[in-house]
């Protein structure tokens, strides 16, 4: 949780709470003047599989926000008021933006939302709440289409309706969880699916770290190549080329 102590903002970071809903990878701009909070937030978001960059001033944020899919904006900045930064960014584009601030007054919240913020989060906050708000904002901004019932990758064909996997014309027999894992990776073949997201979507609340590794190993054996499922160290897995 990010909290306050002796009038100053401090960070105590809990473990990642199970990862993102879904597996989209976002390019996130963190605008935070407190170096410790900035570094911790950047690290935590990267652990969720996101591509993150940062700015410590409002001027820098206005200059570099163009490539962001999402902006997390601290309103307490050393050069410009965060409300003005929010207005400047919103005047240029519709990038999803969450204001993160110690300003608790109702008027500040109203001004933040009126200046263009999509959400307003008051410090101290927990990371489960932050992640839920990020997911909600991104879901509204970019509704995800339903996965295709049939996914193909080279000689690999996965039919969700029939729950059938065909590789080079040969049917591959998989367990229910092996199929669910493979289909999840194939449905998001251009992104890395975090381990935490795999655990949540395939196993729900009943899993261990070894569970994913065991099923990945079994899938690689059945598909005849370790290159079909690529490990991205420290993040998760993605579908390979076989």
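Structure values in brief
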read-out: Given (1) more than 24 Å from the chain's Cα centre (by Cα); (2) part of a strand (DSSP E or B), number of the condition residue 121 does not satisfy; value: (1)
read-out: Residues of region 155-188 that turn out to be surrounded by fewer than 13 Cβ atoms within 10 Å (Cβ to Cβ), in a loop (DSSP other than H, G, I, E, B) and at pLDDT below 90, as a count; value: 4
read-out: Pair list, Cβ under 7 Å, 6 or more apart: region 140-157 residue more than 17 Å from residue 227 (Cβ to Cβ), other residue in a loop (DSSP other than H, G, I, E, B) and at pLDDT 90 or above; value: 141/96
read-out: Selection within region 66-98 - outside any strand (DSSP E or B) and within 15 Å of the chain's Cα centre (by Cα); value: 68, 69, 96
read-out: Which listed residue is assigned by TED's automatic domain parsing to the domain that holds residue 163, surrounded by 16 or more Cβ atoms within 10 Å (Cβ to Cβ) and in a helix (DSSP H, G or I), from 201, 227; value: 201
read-out: Counted residues, region 27-39 - those being surrounded by fewer than 19 Cβ atoms within 10 Å (Cβ to Cβ) and in a loop (DSSP other than H, G, I, E, B); value: 2
read-out: Residue in region 77-98 that is assigned by TED's automatic domain parsing to the domain that holds residue 43, surrounded by fewer than 20 Cβ atoms within 10 Å (Cβ to Cβ), closer than 17 Å to residue 27 by Cα and touching a residue at least 60 places away in the same chain (Cβ under 8 Å) present; value: no
read-out: Filter pass, residue 42 being outside any helix (DSSP H, G or I), surrounded by 15 or more Cβ atoms within 10 Å (Cβ to Cβ) and within 22 Å of the chain's Cα centre (by Cα); value: no
read-out: Hits in region 45-65 (condition: in a helix (DSSP H, G or I) and within 19 Å of the chain's Cα centre (by Cα)); value: 45, 46, 47, 65
read-out: Complete set of residues in region 124-138 that are in contact with a strand residue (DSSP E or B) (Cβ under 6 Å, 6 or more places away or on another chain), assigned to a helix (DSSP H, G or I) and touching a residue at least 60 places away in the same chain (Cβ under 8 Å); value: 137
read-out: Unmet criterion (only one of (1) assigned by TED's automatic domain parsing to the domain that holds residue 48; (2) part of a loop (DSSP other than H, G, I, E, B); (3) loosely packed, with under 13 Cβ neighbours inside 10 Å) for residue 103; value: (3)
read-out: Boolean, residue 196 is surrounded by fewer than 18 Cβ atoms within 10 Å (Cβ to Cβ) and either modelled with pLDDT of 90 or more or outside the structural domain of residue 38 (by TED's automatic domain parsing) (or both); value: no
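The values are calculated or read from the model by the stated rules, or taken from the named source; none is laboratory data. Predicted, not measured: the structure shown is a model, and the values here were computed from it. Note: ideal-geometry Cβ built from the backbone for every residue, glycine included; neighbour counts use all protein chains shown.
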